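Quick notes on the structure that follows.
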Amino acid sequence: MITPLRLESSDMHVLVNRGWLPAPADHAQQPEAAVPVGIVELTGIAVLPASRFFNLAAQPTSGWQPVWQNLDLERFRSAVAYPLQPLIIQLDAQSPGGFVREWPRPDERADRHRSYALQWFGFAIASLGIWGFFLVRKP
């Protein structure tokens, strides 16, 4: 659920990703999502929105639909009349007014990358060892 938030004492807005809403059984209905009223203080992580998407169907380039498959920031900017920051705030799990939020950290999978690197270095060392064995072996 993406909600625009006007920054206090400014015309500038920022999009806040409040999390996931469960879809109703009838997909023709939209899920109910209350929007906080008044001044809101929140915490979260600022992220740059994705720019490349895999779409299941052709997405309209303009206009407003209540449910979008992917958030296209340029399309959103063209559909609203207020200035918009070029980032999205992923609402912190402890901040009120959100839904299901489990944001993966960018550095969360660093150990997996280290494991792959060690695996490939191991393959390289094993290949050199096998090559060296056959090089010095007497026929």
Expected output for the range 1-28 (first residue closer than 16 Å to Ser95 by Cβ, partner among the charged types (D, E, K, R), Cβ below 6 Å, 6+ apart or cross-chain) is Met1/Arg18; Thr3/Arg18; Gly19/Arg101
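One line per residue, one yes/no per condition, for (1) at pLDDT below 80; (2) more than 17 Å from the chain's Cα centre (by Cα); (3) in the same structural domain as Phe99 (by TED's automatic domain parsing); (4) not charged (D, E, K, R):
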{"position": "Leu7", "(1), (2), (3), (4)": "no, yes, yes, yes"}
{"position": "Ser10", "(1), (2), (3), (4)": "no, yes, yes, yes"}
{"position": "Gly19", "(1), (2), (3), (4)": "no, no, yes, yes"}
{"position": "Gln29", "(1), (2), (3), (4)": "yes, yes, yes, yes"}
{"position": "Ile39", "(1), (2), (3), (4)": "no, yes, yes, yes"}
{"position": "Ile45", "(1), (2), (3), (4)": "no, no, yes, yes"}
{"position": "Phe53", "(1), (2), (3), (4)": "yes, no, yes, yes"}
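Quick check on my filter: what residues within the range 35-44 are in a loop (DSSP other than H, G, I, E, B) and either surrounded by 11 or more Cβ atoms within 10 Å (Cβ to Cβ) or free of Cβ contacts under 8 Å to residues at least 40 places away in the same chain (or both)?
If the condition is that a residue be in a loop (DSSP other than H, G, I, E, B) and either surrounded by 11 or more Cβ atoms within 10 Å (Cβ to Cβ) or free of Cβ contacts under 8 Å to residues at least 40 places away in the same chain (or both), then Val35, Pro36, Val37, Gly38, Ile39, Val40, Glu41, Leu42 are the ones that fit.
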Only one of (1) exposed (fewer than 14 other Cβ atoms within 10 Å of the Cβ); (2) modelled with pLDDT of 80 or more; (3) within 19 Å of the chain's Cα centre (by Cα) does not apply to Leu84, and that is (1)
Within the range 1-34, the count of residues that are in a strand (DSSP E or B) and surrounded by fewer than 10 Cβ atoms within 10 Å (Cβ to Cβ) comes to 0
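The values are calculated or read from the model by the stated rules, or taken from the named source; none is laboratory data. Fair warning: this is a prediction, and the values are worked out from it, not measured in the lab. Glycine also receives a Cβ, built like all others from the backbone with ideal geometry; neighbour counts cover every protein chain displayed.
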